[in-house]
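Each remark here refers to the structure printed beneath this line.
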Amino acid sequence: MHKDFEGKVALVTGGSRGIGRAAVVRLAEGGAKVAIAYAGNDAAAQEAQAAAEKAGAPGAQLIKFDVADPAACASAVEEVVAKFGALHVLVNNAGISIDGLILRYKPEDLRRTLDVDLASAFHLSKAACRPMMKQRWGAIVNLTSVVGEQGNAGQTAYSMAKAGLLGLTKSLARELGSRNIRVNAVSPGWIETDMTKELPEAAKKAMAEGAALGRAGSAREVAEAIAFLASDRAAFITGEVLRVNGGLYM
């Protein structure tokens, strides 16, 4: 595999499982030193670290913190730069989904969803801007969702947060482009992950059948899109949303 990320340092939030872990492995395969941010599952994080090292990462660091905490986000970026000397790629992947109809939705659940899924990307991007500006090279990839583009009943808070990431992506791309920092988003559809495997089989079947390709996607397929947008192969792409949904939404 071509070493797209040789000499590069990447920070991936939600990197212990699912799409995040797949992105960690893919970036490691490309030669990146990777910082794996996670919230609480130490065993899963250690497995992701081992997977990154097996994939060839010249360095793999675990960083445990709550992305909903702005100060912790800033400290995490500082820690990565102190450890590896730079930060070139930021993948804002961490997310939660607290589902429920709006009439019964709790204010604290709304706040938590927005803090984890949306505000965290703002705070981490803000912190990452400084080292990226200094080196005049950077790539930020935000993980939005098909739900943020088309909506979904019972997921108003999640949809709202993911839609907000689209605005963040486009505005930040305009703000940072002159510093050679690109900002893009990946919008997955129905992907087989820990977050989705608990859904009822009927719901899974309906989602798969709704996609033009007639199946769910894999975390690796999303990771390939993340790696493309983070690499110099996408050097003239910024402010874009790359859909990886098998034709579920066009």
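No value in this document is a laboratory result; all are computed from the given coordinates. Everything numeric here is computed off the predicted structure, so don't read it as measured data. With ideal geometry, Cβ positions are generated from the backbone for all residues, glycine too; neighbour counts draw on all protein chains shown.
At a glance:
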| item | result |
| --- | --- |
| Cβ charges +1 (Lys, Arg) and -1 (Asp, Glu), total dipole of the chain, debye | 580 debye |
| Order of SER159, SER218, SER145, SER231 under a 10 Å beta carbon neighbour criterion, fewest first | SER218, SER231, SER159, SER145 |
| Pairs from LYS54/LYS126; LYS3/LYS54; LYS106/LYS205; LYS54/LYS205; LYS162/LYS204; LYS3/LYS170 whose Cα-Cα separation, in the structure shown, is over 26 Å | LYS54/LYS126; LYS106/LYS205; LYS54/LYS205; LYS3/LYS170 |
| Within the range 1-71, GluC sites (Glu not before Pro) in DSSP loop having at most 15 other beta-carbon neighbours inside 10 Å | GLU6 |
| Over 28 Å [Cα-Cα, the chain], rounded percent | 27 percent |
| Qualifying GluC sites (Glu not before Pro) in the range 119-224, DSSP loop, other Cβ atoms within 10 Å at most 12 | GLU198 |
| Inverse of mean 1/r across different Cα pairs in the range 107-179, Kirkwood, Å | 13.1 Å |
| Histogram of C-alpha separations across the range 141-250, 5 Å bin width, % | 2, 12, 20, 23, 19, 12, 7, 3, 1, 0 |
| Exposed-loop-free span, longest in the chain, where trypsin sites (Lys or Arg not before Pro) count as exposed if DSSP calls them loop and at most 16 other C-beta atoms lie within 10 Å | 4-135 |
| Chymotrypsin sites (Phe, Trp or Tyr not before Pro) within the range 169-240: DSSP coil, no more than 16 neighbouring Cβ in 10 Å | PHE236 |
